[in-house]
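Asks: Pasting a structure here, questions to come.
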Amino acid sequence: MATRTQKIFAGNRIRRLRRELNITQAQMADDLAISTSYLNLLERNQRPLSAQILLQLADAFDISLKEFSGDDDSQAAASLKEIFSDPIFKGLELSNHELTDLVGASPSAAQSVLTLYRAYRESLNNNAAMAEQLANQEGTTASNTSHFPIEEVRDYFHDTNNYFPELENAAETLWTDAELSLDNLYVGLKDHLKAAHDISVRIMPIDVLPDTTWRLDRHSRRLFISEIVKVPSRTFQLALHAGLLGYQNLLDEMILSTGLQGEEAKQLCRLGLANYFAGAVIMPYEQFQIAATKLRYDIDLLGQRFSSSYEQTSHRLTTLQRPGSKGVPFFFLRVDHAGNISKRFSASGFHFARFGGTCPRWNIHAAFRTPNKIIPQIVGMEDGTRYFTISRTVSSKAVGYNTAEQQRSIGIGCKIDYAPQLIYADGLNLTEQTAVTPIGVNCRLCMRMNCNQRANPPLNRQISVAENYRGVSPFTFPEL
């Protein structure tokens, strides 16, 4: 099946590399075995970067091909577009080309703009919270002007493409040292915790742990897990604690390298890294990557083979980025009924809004109407990039009559070029434009003016109030 290949224009990145190496165009052209005039065209984005020259760049200057893929720059440019759509920049209209040039010329400057804007938004939120507290005569003691630690940690995982080779290696070391096997992983991890850390595991009745799913009692050297925790999650908890107890120094080194400042953010990041480690233990990289390819990324079958939940399996698929044995680069999103994003990762260039929700046209929201059913969908972004996505709800099953069920929706996807590798794309026409659902990042950033599901107008467009007619969209906009 024919698919569209995205052209890579990397002029700014080539120019930046050349300047970092302190060489002339003639010298670089000679190293790449091309003419100086052709290199000049590449640097001015008048020619796309061919696969042959991309390989020559990697070979001649010992760089990663990922640096010239364009995904990182497109994500950064999309973040800048979101920022400059804010009404405080009214009148300052920057084209997508200008934003991409800014990112390519100075990634550090682009990141600084993002950091400043995030601080500005946090300041607004903190001031609003403080004003509300004063209005309610609740005082200001609960106000916290520090950064939002959860968002900091989410951004860190997002920026690293959710792949940590140190943790992959540590998980493989644990498998060897503890002589683990998939056939009885729970027992193997339980024995390892006892032998290596003198930690005994006990499954406790719900009346003993009424409000806790697990608790580590360091004094008695026991890990208590509630009976309401399902078997895949019990195994996950054992792997998690094997990481927290056995690889403390490694986690300390990784946290130090993140640049996170607040203690709360560091602790959240530590737990996130330990969760990554647990996933790598339950679904060992090589075995999982081979199985995913052979099973064509059938999430339910992979879950059966590795005794993992749908969410654990979906999340693991986003981490298959090892050089030489990569899987399909997926993005991952988890939302609740209200549209709140509680987890996000991207290894595919898909852009998530940092300051808002998602597009209502995306089936990640429609999945709540058909619980536990996988819904495939081809979506098209405003820049023309197409993605193949699947959405499905996951539930924390109610245990006991009075316990409420928690339901979320999981969305994962990849660029359309990878879709034929997925079993969920069988029978779908991946080239027909009518099969594509046009979506945006979110309503505040989307410029599709005739959308009948628009909840808010774009940040950078004025509303035209009309009394004598009503269009498809609930908002009307003056002509530009």
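Asks: Which cross-chain or sequence-distant (5 or more) residues have an amide H under 5 Å from the amide H of VAL201, H modelled 1.01 Å from N in plane?
Replies: The answer is LEU223.
Asks: Explain nothing, just compute: Karplus ³J(HN,Hα) = 6.51 cos²θ - 1.76 cosθ + 1.60, θ = phi - 60°, for every residue of the range 431-437 in order, whole Hz, x for Gly and Pro.
Replies: The phi angles translate into 10, 6, 5, 5, 7, 8, 8 Hz.
Asks: Something else about it: Between the alpha-carbon centers of the range 369-391 and the range 302-332, tell me the distance in whole angstrom.
Replies: The range 369-391 and the range 302-332 have Cα centres separated by 18 Å.
Asks: With a point put 7 Å past each Cα toward its Cβ, work out how far GLU20 is from ARG47 in nm, to one decimal.
Replies: 2.3
Asks: Each label point is 7 Å from the Cα along the Cα-to-Cβ direction; what then is the distance between the points at GLU382 and ASP62, in nm?
Replies: Calculated label separation equals 4.3 nm.
Asks: For ILE206 and GLU151, what does the FRET efficiency come to when R0 = 45 Å and r is the distance between their Cβ atoms, rounded to the nearest 0.05?
Replies: Approximately 0.85, to the nearest 0.05.
Asks: Please arrange LEU445, LEU41 by counting, for each residue, the other beta carbons lying within 10 Å of its beta carbon, fewest first.
Replies: LEU41, LEU445
Asks: Give the order of ARG47, ARG13, ARG316 when sorted by the count of other beta carbons within 10 angstrom, beginning with the fewest.
Replies: In order of increasing Cβ crowding within 10 Å: ARG47, ARG13, ARG316.
Asks: Going down the table (LYS230/LYS415; LYS81/LYS294; LYS266/LYS343; LYS294/LYS373; LYS230/LYS343; LYS373/LYS415), which pairs top 29 Å between alpha carbons?
Replies: Pairs exceeding the cut-off: LYS230/LYS415; LYS81/LYS294.
Asks: 5 Å is the cut-off here: which amide hydrogens, built 1.01 Å from N in the peptide plane, fall below it relative to ILE8, excluding neighbours closer than 5 in sequence?
Replies: When sequence neighbours closer than 5 places are left aside, the close amide H contacts are LEU49.
Asks: Sort ARG44, ARG218 so that the residue with the fewest other Cβ atoms within 10 Å of its own Cβ comes first and the one with the most comes last.
Replies: Numbers: ARG44 12, ARG218 9.
In increasing order of surrounding Cβ atoms, one gets ARG218, ARG44.
Asks: Still on this structure, I have one more. Cα gyration tensor of the range 284-397, axes a ≥ b ≥ c as square roots of the eigenvalues: rounded (a/c below 1.5), prolate (a/b > b/c) or oblate?
Replies: oblate
Asks: Also, quick follow-up: Using Cα pairs closer than 8 Å and at least 6 residues apart in sequence, work out the relative contact order for the range 146-282, in percent.
Replies: On the way: 132 pairs, mean separation 42.7, N = 137.
Value for the range 146-282: 31 percent.
FYI, it's all coordinate maths here, none of it is from the lab. The structure displayed is predicted, hence computed values, not measured ones. Glycine also receives a Cβ, built like all others from the backbone with ideal geometry; neighbour counts cover every protein chain displayed.
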